Amino acid sequence: MKIAITGATGFVGSRLVVKLYDRGDDILILTRNPDKARRIYPKSIYPKIEIIPYIATESGDWQKEISGCDAVINLAGEPISERWTGEAKQAIVASREIGTEKIVEAISRSERVATALADQKPKVLINSSAIGYYGTSETASFDENSPPGDDFLADVCKKWEKAAQKVKDYGTRLVILRTGIVLGNGGALGKMIPPFKLFAGGPIGSGRQWFSWIHRDDLINLIIYCLDRPEISGTFNATAPNPVRMKEFCQILGEVMNRPSWLPVPDFALEILLGEGAKIVLEGQEVLPKATQAIGFDYRYPNLEAALEEIVPKM
């Protein structure tokens with residue numbers, strides 16, 4: 001299978017590329033930083049990986065490369081764990097909404113190429129979204145049938161998903177994955193570990209906010225599970241089936257690390273650092289993967305303790 005991937009140098013994408021490559025797939029990486037991609041995937045080790053520079057929000061010659069691919073996995077997007085200035089908000093929206101529109105545009109053009117040259121267009125688009133779609137709540141539970149929220153992140157996700165939906169007009173199967181907080185060696189967990197190592201770890205904010213998470217390996221396996229099964233389409237929550245509140249998360253993390261979890265991080269400290277962006281950590285939502293479980297996906301790490309016990313010794 002030939003697969004085009006955006007976001008291939010990121011926390012999830014880099015692990016996904018290696019797993020797909022190791023099973024024999026040909027990988028086409030679309031990246032705004034080809035030098036970084038070449039360092040991560042040197043030709044001497046990954047001879048079947050092709051690296052194509054692109055600007056996610058602009059049409060260009062890169063779109064021609066989509067023709068002949070069996071699948072596209074779109075993971076690209078500006079980071080949201082930062083201070084949300086007006087400029088940052090615009091970049092967060094554009095990288096997802098317009099970036100996805102340009103991927104869909106490339107797929108639509110590949111359809112015309114396929115007609116003219118007997119080539120093939122991608123059969124499936126797997127597109128990222130996020131559980132921010134649902135808004136935040138300390139009391140409500142959300143599944144794939146729940147309505148969207150009305151805050152900034154919910155608006156981003158709605159635009160992101162709407163852009164992806166258009167690919168169905170060209171006969172391409174669509175899978176949207178609303179991803180929770182991804183746990184692995186690095187990422188969000190990498191920022192939480194150091195205080196615990198210094199015996200200064202504890203819950204962030206009130207500790208009552210929900211923490212809907214997924215082990216990185218489960219997320220990658222879910223992407224591949226949907227990739228390989230042509231009968232699967234629709235929207236799925238990429239979260240573990242057992243979310244926890246922040247206080248419980250930090251307590252379990254402390255136990256796994258053999259460290260106390262007693263020193264809470266006050267709201268104002270994060271707000272000073274991240275401004276409105278602190279909302280990601282200080283508020284949360286209980287998200288349940290009902291549709292994901294209904295398609296038969298088997299989680300390797302359904303419970304937090306087992307997930308952290310696998311990750312923490314490597315950090």
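The values are calculated or read from the model by the stated rules, or taken from the named source; none is laboratory data. All values reported here derive from a predicted model rather than from experimental measurement. Cβ: placed from backbone, ideal geometry, glycine included. Neighbour counts: every protein chain shown. Keep in mind that these areas ignore ligands, DNA and RNA; they rest on the heavy atoms of the full protein, side chains included. Shrake-Rupley method; radii C 1.70, N 1.55, O 1.52, S 1.80 Å.
Answer yes or no as to whether Leu219 is over 30 Å from Glu101 (Cβ atoms) and open to solvent by less than 30 Å² (accessible area, probe 1.4 Å).
Values: over 30 Å from Glu101 (Cβ atoms): no; open to solvent by less than 30 Å² (accessible area, probe 1.4 Å): yes.
Judged against the criteria, Leu219 is not a match.
Among the criteria (1) hydroxyl-bearing (Ser, Thr, Tyr); (2) in contact with a helix residue (DSSP H, G or I) (Cβ under 6 Å, 6 or more places away or on another chain); (3) surrounded by fewer than 22 Cβ atoms within 10 Å (Cβ to Cβ), the one Ser212 does not fulfil is (3).
Residue check: is Pro264 more than 21 Å from Ala130 (Cβ to Cβ) and either modelled with pLDDT under 80 or open to solvent by less than 50 Å² (accessible area, probe 1.4 Å) (or both)? I'd like the intermediate steps shown before the answer.
Values: more than 21 Å from Ala130 (Cβ to Cβ): yes; either modelled with pLDDT under 80 or open to solvent by less than 50 Å² (accessible area, probe 1.4 Å) (or both): yes.
Yes.
Could you grab the pairs with beta carbons closer than 8 Å, sequence gap of 6+ or different chains, first residue in segment 200-211 and more than 7 Å from Val265 (Cβ to Cβ) and outside any loop (DSSP other than H, G, I, E, B), second one open to solvent by less than 20 Å² (accessible area, probe 1.4 Å) and small (Gly, Ala, Ser)? Pairs found: Trp210/Gly284; Phe211/Gly284. Residues in segment 4-27 that are more than 17 Å from the chain's Cα centre (by Cα) and buried (at least 23 other Cβ atoms within 10 Å of the Cβ): Ile27 only.
Have a look at Ile280, Ile232, Ile311, Ile214 and point out the one that is at negative phi, at pLDDT below 95 and of a type outside the set (Phe, Trp, Tyr). First the steps, then the outcome.
Numbers: Ile232 fails: at pLDDT below 95; Ile311 fails: at pLDDT below 95; Ile214 fails: at pLDDT below 95.
The conditions single out Ile280.
Of note, Lys162 does not satisfy the criterion of being open to solvent by 30 Å² or more (accessible area, probe 1.4 Å) and more than 26 Å from Thr9 (Cα to Cα). Checking each residue in segment 57-75 for being open to solvent by less than 20 Å² (accessible area, probe 1.4 Å) and hydrophobic (A, V, I, L, M, F, W, C) picks out Trp62, Ile66, Cys69, Ala71, Val72, Ile73. With a requirement of 1 or more residues that are out of contact with any strand residue (DSSP E or B) (no Cβ under 6 Å at 6 or more places or on another chain) and at pLDDT 95 or above, the strands (runs of 3 or more DSSP E) lying completely within segment 3-75 that satisfy it span 26-31, 49-53. Scanning segment 181-209 for residues that are among the small types (Gly, Ala, Ser), open to solvent by 10 Å² or more (accessible area, probe 1.4 Å) and closer than 20 Å to Leu75 by Cβ gives Gly186, Gly187, Ala188, Gly190. Of all residues assigned to segment 238-260, none qualifies as being open to solvent by 20 Å² or more (accessible area, probe 1.4 Å), of a type in the set (Gly, Ala, Ser) and at pLDDT 85 or above. Cβ-Cβ distances below 9 Å connect the following pairs, each with a first residue in segment 164-180 that is within 19 Å of Asp143 (Cα to Cα), a second residue that is open to solvent by 40 Å² or more (accessible area, probe 1.4 Å), and a separation of six or more residues or different chains: Leu174/Gln165; Leu174/Lys168; Leu174/Ser233; Val175/Ser233; Ile176/Gln165. Considering only segment 107-116, I want to know if a residue exists there that is more than 22 Å from Gly275 (Cβ to Cβ), touching a residue at least 24 places away in the same chain (Cβ under 8 Å) and among the β-branched types (Val, Ile, Thr). Yes, some residue in segment 107-116 is more than 22 Å from Gly275 (Cβ to Cβ), touching a residue at least 24 places away in the same chain (Cβ under 8 Å) and among the β-branched types (Val, Ile, Thr).
Does Val124 satisfy being on the phi < 0 side of the Ramachandran plot and touching a residue at least 40 places away in the same chain (Cβ under 8 Å)?
In short, yes.
Taking segment 85-107 as the range and being surrounded by fewer than 19 Cβ atoms within 10 Å (Cβ to Cβ) and either small (Gly, Ala, Ser) or more than 16 Å from Cys157 (Cα to Cα) (or both) as the test, the residues that pass are Thr85, Gly86, Glu87, Ala88, Ala91, Ala94, Glu105.
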